[in-house]
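J.: My structure is below; once you've seen it, I'll send some questions.
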Amino acid sequence: MQPSAAPAASPAPGERWQEVLDNIPALEVLIETMSITAKFGGTSLADANQIRKVADIIKSDPRRRHIVLSAPGKRTSSDKKITDLLYLCHSLANQGLDIQTAFGPIKQRFLGIAEELGVDEMAGWLAEVELRIADGADVDWIASRGEYLNSRMVARFLGATFIDAASAIRMAADGRLRAAETYQLLAEALTGDGLFVVPGFYGADPSGHIRCFSRGGSDITGAIVARAAGDQVYENWTDVPGLLMADPRIVDNPRPIAEVTYREQRELSYMGATVLHDEAVFPVREAGIPINIRNTNDPSAPGTRIVTTRDSSRHAVAGIAGRVGFSNVYTDKALMNAELGYGRRMLEILEKRGITFEHAPTSIDTMSVIVRDEEIAGKEDLVLGDIENQLKPDRVEIDSDIALIATVGEGMSKKVGIAARLFGALGKSGVNILMINQGASEINIIVGVAASDYEKAVRAIYGEFVKPA
Ligand code: ADP
Ligand code: ASP
Ligand code: MG
């Protein structure tokens with residue numbers, strides 16, 4: 001049977017099919033140009049076996065073309081990270097001591113992996129590094145060699161193009177990223193087909209000196225690469241099933257979080273959920289590129305997606321994170337509220353001593369300023385003296401051994417009853433609350449407790465908000 005004639009204005013069925021076929025190459029090009037940045041952490045690259053798993057993950061999706069690698073991490077809990085050994089090399093060289101106690105294990109580790117992967121240039125690369133360390137190379141150059149050597153080796157193993165981060169990631173002399181310049185250089189370097197490997201953790205300043213990010217900084221490199229390449233997603237492959245609702249070293253089998261917002265993730269990371277560096281969200285958040293935390297040892301699991309917004313109606317609390325190592329600079333003065341400039345002068349005293357602060361909760365006649373121990377260490381007497389002289393408080397003291405715990409969730413502080421449940425859970429488990437801060441950020445409630453109560457407090461809060469399934 002002949003198809004009935006189509007009205008003159010619309011194409012005949014045959015022509016319509018032609019139109020679809022004509023569009024297929026465009027579709028193919030689109031799929032081909034979609035790409036993913038995949039960053040693999042230290043434990044995912046700790047030995048040849050792990051590196052083979054990484055290679056399988058990369059090959060299982062052709063969109064995974066932009067690969068960012070850390071240095072080999074720990075194989076067991078008592079093992080040493082290559083980066084830690086490199087810092088040790090620097091300190092030995094600096095004291096004029098033999099570097100072999102640290103460089104020996106680095107050499108052995110890299111040579112062993114390279115041999116298993118069939119990469120024979122490793123001995124030559126290591127010899128160059130050893131020579132420069134002996135020649136007095138600076139600390140950032142030395143620390144960056146774990147990522148450099150690993151990435152060169154894995155690039156060779158994968159048959160990928162190696163891009164040295166020193167040539168494409170630009171940092172200012174103070175270690176901050178020169179973002180616009182970096183995105184342009186990286187975008188140029190990542191042009192073309194095939195697979196690219198970029199070492200994490202470092203870049204170079206305008207005079208070519210290597211600069212490292214802070215520890216765990218390969219996560220930042222991954223975000224920068226995803227942003228520069230305009231990728232669909234930034235995958236961060238690690239050794240846990242994603243961002244977990246609490247630190248797995250404190251809570252047994254904490255529940256994985258399916259979805260969190262960039263804001264929630266940053267709060268959790270800053271407060272101690274070290275699975276992703278807290279500065280890694282910035283480059284991707286600006287461009288709306290989602291982050292997907294995945295488990296190298298369980299690649300079929302979906303992991304955690306970090307996105308702009310989430311439906312918080314089911315899970316008001318996204319997660320709990322914290323850390324020990326804070327001090328409280330506490331002052332008490334009658335009529336403090338009426339004294340103009342008290343708070344400013346207090347913060348100025350700390351500023352002049354070069355101390356940054358975390359929180360500054362106040363009441364009518366009291367002010368607490370929470371600082372990190374390492375910020376105030378050795379300066380306690382100077383700060384106490386300044387406060388006595390300039391603020392003339394009724395009482396001033398510095399209490400150390402404080403832990404801060406953040407309970408984080410979008411819109412949480414607006415939800416009736418959340419704070420009551422949190423404080424109730426701590427009370428029931430016998431934890432004394434030293435400080436509460438539920439102010440500026442709507443998405444978290446921070447409590448200060450004695451460091452000795454830290455783990456008990458995290459378990460109590462987790463138990464309150466995560467009921468057994
Ligand atoms: P990588 O080497 O892959 O960068 P990291 O060691 O930096 O991995 O981060 C993963 C580790 O973070 C986990 O093994 C876990 O012990 C720790 N961690 C702490 N808090 C959390 C959390 N809330 N969720 C997941 N992991 C966490
Ligand atoms: N290797 C570096 C470190 O141990 C960076 C990283 O792994 O992200 O901190
Ligand atoms: Mg890490």
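The values are calculated or read from the model by the stated rules, or taken from the named source; none is laboratory data. Remember, it's a predicted structure, so these values are computed and weren't measured experimentally. Cβ placement follows ideal geometry from the backbone for every residue including glycine, while neighbour counts extend to all protein chains displayed.
J.: hydroxyl-bearing (Ser, Thr, Tyr) and within 25 Å of ARG65 (Cβ to Cβ): which single residue out of SER91, SER144 fits that description? Before you say what the answer is, go through the steps one by one.
T.: Values: SER91 fails: within 25 Å of ARG65 (Cβ to Cβ).
Only one candidate qualifies: SER144.
J.: Which numbered condition trips up THR191, out of (1) among the polar types (S, T, N, Q); (2) over 16 Å from the mean Cα position of the chain (by Cα); (3) within 16 Å of ligand 1 (Cβ to nearest atom)?
T.: If we test THR191 against (1) among the polar types (S, T, N, Q); (2) over 16 Å from the mean Cα position of the chain (by Cα); (3) within 16 Å of ligand 1 (Cβ to nearest atom), just (3) comes out false.
J.: Of all residues in region 288-298, how many are in contact (Cβ under 8 Å) with a residue 60 or more places away in the chain and more than 14 Å from ligand 1 (Cβ to nearest atom)?
T.: Looking only at that region, the number is 1.
J.: Also, I was wondering about something else. Restricting attention to region 273-287, and to residues there that are closer than 20 Å to VAL324 by Cα and surrounded by fewer than 21 Cβ atoms within 10 Å (Cβ to Cβ), which single residue is farthest from ligand 1 (Cβ to nearest atom)? Outline the logic, then answer.
T.: Start the filter on region 273-287 by keeping residues that are closer than 20 Å to VAL324 by Cα, which leaves 273-278.
After this cut, where a residue has to be surrounded by fewer than 21 Cβ atoms within 10 Å (Cβ to Cβ) as well, the list is 274, 278.
Details: THR274: 5, ASP278: 12 Å.
Ranking the qualifying residues of region 273-287, first place goes to ASP278.
J.: Would you call ALA93 out of contact with any His (no Cβ under 9 Å at 6 or more places or on another chain) and in contact (Cβ under 8 Å) with a residue 24 or more places away in the chain? Give the steps one after another, and end with the answer.
T.: Values: out of contact with any His (no Cβ under 9 Å at 6 or more places or on another chain): yes; in contact (Cβ under 8 Å) with a residue 24 or more places away in the chain: yes.
For ALA93, the condition - out of contact with any His (no Cβ under 9 Å at 6 or more places or on another chain) and in contact (Cβ under 8 Å) with a residue 24 or more places away in the chain - is met.
J.: I'm trying to understand the selection: among the residues of region 65-100, which are of a type outside the set (A, V, I, L, M), in contact with a Leu (Cβ under 8 Å, 6 or more places away or on another chain) and surrounded by 13 or more Cβ atoms within 10 Å (Cβ to Cβ)? Steps first, answer last, please.
T.: Let us first name the residues in region 65-100 that are of a type outside the set (A, V, I, L, M), namely 65-66, 70, 72-81, 83-84, 87, 89-91, 94-96, 98, 100.
Narrowing further to those that are in contact with a Leu (Cβ under 8 Å, 6 or more places away or on another chain): 65-66, 70, 72-73, 98.
Within region 65-100, ARG65, HIS66, SER70, PRO72, GLY73 qualify.
J.: Looking at (1) modelled with pLDDT under 95; (2) within 22 Å of ALA334 (Cβ to Cβ), which is the only condition GLY385 fails?
T.: Tallying (1) modelled with pLDDT under 95; (2) within 22 Å of ALA334 (Cβ to Cβ), GLY385 fails exactly one: (1).
J.: Only one of these is in contact with a Ser or Thr (Cβ under 7 Å, 6 or more places away or on another chain) and in a loop (DSSP other than H, G, I, E, B): LYS39, LYS74. Name it.
T.: Values: LYS39 fails: in a loop (DSSP other than H, G, I, E, B).
Only one candidate passes the filter, namely LYS74.
J.: Looking at region 244-255, is at least one residue away from ligand 3 (no atom under 16 Å from the Cβ), of a type in the set (Lys, Arg) and either assigned to a helix (DSSP H, G or I) or buried (at least 24 other Cβ atoms within 10 Å of the Cβ) (or both)? Explain how you work it out, then say what you get.
T.: Of all residues in region 244-255, those away from ligand 3 (no atom under 16 Å from the Cβ) come to 245-246, 250-255.
Adding the requirement that they be of a type in the set (Lys, Arg) leaves 255.
With either assigned to a helix (DSSP H, G or I) or buried (at least 24 other Cβ atoms within 10 Å of the Cβ) (or both) added as a condition, the list becomes none.
There is no residue in region 244-255 that is away from ligand 3 (no atom under 16 Å from the Cβ), of a type in the set (Lys, Arg) and either assigned to a helix (DSSP H, G or I) or buried (at least 24 other Cβ atoms within 10 Å of the Cβ) (or both).
J.: Quick check on SER400: is it hydroxyl-bearing (Ser, Thr, Tyr) and touching a helix residue (DSSP H, G or I) at 6+ places or on another chain (Cβ under 6 Å)?
T.: Numbers: hydroxyl-bearing (Ser, Thr, Tyr): yes; touching a helix residue (DSSP H, G or I) at 6+ places or on another chain (Cβ under 6 Å): no.
No: the conditions fail for SER400.
J.: Among residues belonging to region 196-239 that are under 16 Å from the mean Cα position of the chain (by Cα) and over 18 Å from THR37 (Cα atoms), point out the one that is farthest from ligand 1 (Cβ to nearest atom).
T.: Step by step, filter region 196-239, then rank; the result is CYS212.
J.: So which of ILE402, ILE436 ends up being at pLDDT below 95 and either under 21 Å from GLU267 (Cα atoms) or not in a helix (DSSP H, G or I) (or both)? Outline the logic, then answer.
T.: Details: ILE402 fails: at pLDDT below 95.
Step by step, each of ILE402, ILE436 is checked, and only ILE436 is at pLDDT below 95 and either under 21 Å from GLU267 (Cα atoms) or not in a helix (DSSP H, G or I) (or both).
J.: Any residue that is away from ligand 2 (no atom under 16 Å from the Cβ), modelled with pLDDT of 95 or more, in contact with an Asp or Glu (Cβ under 8 Å, 6 or more places away or on another chain) and outside any helix (DSSP H, G or I) - is there at least one of those in region 63-70?
T.: Yes: one or more hits.
J.: May I ask you to verify whether ILE169 is buried (at least 21 other Cβ atoms within 10 Å of the Cβ) and in contact (Cβ under 8 Å) with a residue 40 or more places away in the chain?
T.: yes
J.: Within the set of pairs 6 or more residues apart or between chains, which connect a residue that is more than 11 Å from ILE289 (Cβ to Cβ) inside region 210-227 to a residue that is more than 10 Å from ligand 1 (Cβ to nearest atom) and among the charged types (D, E, K, R) with Cβ atoms less than 6 Å apart?
T.: Here the result reads ILE210/ASP140; ARG211/ASP140; ARG211/ASP205; CYS212/ASP140; ILE220/GLU279, each pair linking region 210-227 to a residue that is more than 10 Å from ligand 1 (Cβ to nearest atom) and among the charged types (D, E, K, R).
J.: Hey, any hits in region 308-324 for a residue that's closer than 26 Å to ALA180 by Cα and within 13 Å of ligand 1 (Cβ to nearest atom)?
T.: Within region 308-324, none of the residues are closer than 26 Å to ALA180 by Cα and within 13 Å of ligand 1 (Cβ to nearest atom).
J.: Considering only region 62-75, how many residues are away from ligand 1 (no atom under 13 Å from the Cβ) and under 21 Å from ASP219 (Cα atoms)? Explain how you work it out, then say what you get.
T.: Narrowing region 62-75 to residues away from ligand 1 (no atom under 13 Å from the Cβ): 62-67.
Next, from what is left, pick out any that are under 21 Å from ASP219 (Cα atoms): 63-67.
So the count comes out to 5.
J.: With region 162-232 as the region, which strands (runs of 3 or more DSSP E) entirely inside it contain at least 1 residues that are hydrophobic (A, V, I, L, M, F, W, C) and in contact with a Lys or Arg (Cβ under 8 Å, 6 or more places away or on another chain)?
T.: Working: elements: 196-199, 202-204, 210-212.
Strands (runs of 3 or more DSSP E) meeting the threshold: 196-199, 202-204.
For every residue, the table says whether it meets (1) in contact (Cβ under 8 Å) with a residue 60 or more places away in the chain; (2) surrounded by 21 or more Cβ atoms within 10 Å (Cβ to Cβ); (3) under 30 Å from LYS467 (Cβ atoms).
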{"position": "VAL317", "(1), (2), (3)": "yes, yes, yes"}
{"position": "ASN337", "(1), (2), (3)": "no, no, no"}
{"position": "GLU348", "(1), (2), (3)": "no, no, no"}
{"position": "GLU374", "(1), (2), (3)": "no, no, no"}
{"position": "LYS379", "(1), (2), (3)": "no, no, no"}
{"position": "VAL408", "(1), (2), (3)": "yes, yes, yes"}
{"position": "LYS414", "(1), (2), (3)": "no, no, yes"}
{"position": "ILE418", "(1), (2), (3)": "yes, no, yes"}
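J.: Between THR83, THR101, which is closer than 16 Å to GLU130 by Cβ and part of a helix (DSSP H, G or I)? Talk me through it step by step, then tell me what you get.
T.: Details: THR83 fails: closer than 16 Å to GLU130 by Cβ.
Answer to the selection: THR101.
J.: Sticking with this one: If you take the residues in region 203-221 that are small (Gly, Ala, Ser) and more than 10 Å from ligand 3 (Cβ to nearest atom), which one is surrounded by the most Cβ atoms within 10 Å (Cβ to Cβ)? Reasoning before the result, please.
T.: Quick first cut of region 203-221, residues small (Gly, Ala, Ser) only: 203-204, 207-208, 214, 216-218.
Filter once more, keeping what is more than 10 Å from ligand 3 (Cβ to nearest atom): 203-204, 207-208, 214.
On the way: GLY203: 30, ALA204: 20, SER207: 6, GLY208: 8, SER214: 11.
It comes out as GLY203.
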